[in-house]
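Readers should treat all values here as calculations from the given coordinates under stated rules, not as data from a laboratory. Just so it is clear, the model here is predicted, and its values are computed rather than measured. Quick reminder, even Gly has a Cβ in these numbers, built from the backbone with ideal geometry, and neighbours come from all protein chains shown.
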Amino acid sequence: MTPLLQVRDLTRSFGGVRAVDNVSFELARGELLALIGPNGAGKSTCFNMINGQLRPDSGEVRLDGENIVGRKPRDVWRLGVGRTFQIAATFHSMTVIENVQMALISHAKRTFHAWTAAAAHFRDEARDLLAQVGMDAHADRPSSILAYGDVKRVELAVALANKPKLLLMDEPTAGMAPRERNDLMALTKRLVTINDIGVLFTEHSMDVVFAFADRMIVLARGKLIAQGSGEAVRDDPKVREVYFGSGRTVARRVSA
């Protein structure tokens with residue numbers, strides 16, 4: 001079976017610095033793959049090339065076997081690539097459900113005349129997405145008054161509006177308390193299983209990574225230095241040296 005995502009020899013330089021240097025990996029449907037590494041490792045640059053925000057200097061990004069390099073972010077989104085960001089945000093002037101409705105309207109390529117109320121469209125579908133992320137009871141609340149953990153859930157519902165095959169999550173638990181982090185990732189894992197979505201996520205919280213990732217890939221200075229199961233990555237000497245430093249093991253870092 002063709003992997004959902006195939007990244008082949010992906011390279012991108014800024015001036016004389018190679019932010020991503022011949023990186024290759026694959027992601028299967030229904031898999032949570034963690035992309036980890038120290039600050040400046042190239043994680044965000046890699047993400048931005050996959051969803052079309054940056055064009056690589058060389059290499060391929062294949063979604064279901066189709067090379068999507070050169071596609072604009074909106075076109076990549078319409079092909080079934082959703083994304084959440086490190087700093088979550090909603091339209092504060094809208095209610096929770098209206099935020100999700102706008103994503104559904106965009107995905108359907110629908111436009112409305114000035115006298116047609118957009119809020120009347122896709123309401124049932126939006127409420128269903130909010131139910132999936134545990135936010136249906138807050139559907140008609142203003143987004144501006146939500147707690148940050150709830151904003152993250154709404155962002156996830158918005159990301160699911162295009163029925164993604166692939167979901168890119170850039171530090172999904174940043175700024176959240178430990179319990180909120182675990183709840184959000186447990187929810188994500190459940191949705192991945194139900195909908196057979198592939199998820200590529202970056203994360204600095206190693207407790208989240210080791211609890212929820214099916215596999216991990218590790219970048220350092222733009223190069224892929226290790227990949228595999230949590231146990232394999234934890235025991236890799238390059239990871240201990242480059243990522244964690246001073247001979248500390250992953251287990252010690254997690255428990256610190």
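Is there a quick way to get the dipole size of the stretch 98-208? I mean about its Cα centre, with the Cβ of Lys and Arg at +1 and of Asp and Glu at -1; what is the value in debye to the nearest 20?
Working: 13 positive and 15 negative charges, 55 e Å.
Charge dipole, the stretch 98-208, about its Cα centre: 260 debye, nearest 20.
In the stretch 51-112, taking the dipole from charged Cβ atoms about the Cα centre, the farthest positive-side position among GLY70, VAL81, SER93 is held by SER93. Of the residues VAL154, VAL17, LEU187, the one whose Cα sits farthest toward the positive end of the charge dipole of the chain, with +1 on the Cβ of Lys and Arg and -1 on the Cβ of Asp and Glu, is VAL17. Of the residues ASP21, ASP124, the one with the fewest other Cβ atoms within 10 Å heads the list, and the complete ranking is ASP124, ASP21. Relative to the Cα centre, the charge distribution of the chain, modelled as +1 at Lys and Arg Cβ and -1 at Asp and Glu Cβ, gives a dipole magnitude of about 440 debye. Just to confirm my numbers, what's the Cα centroid distance between the stretch 198-221 and the stretch 1-67 in Å? What the calculation gives is 14 Å, centre to centre. Between amide H atoms placed 1.01 Å from N, distances below 5 Å from MET169 occur with THR84, LEU200, PHE201, THR202, all of them 5 or more places distant or on a separate chain.
Averaged over residues, the count of other Cβ atoms within 10 Å places the peptides 168-175, 51-58 in the sequence 168-175, 51-58, highest first.
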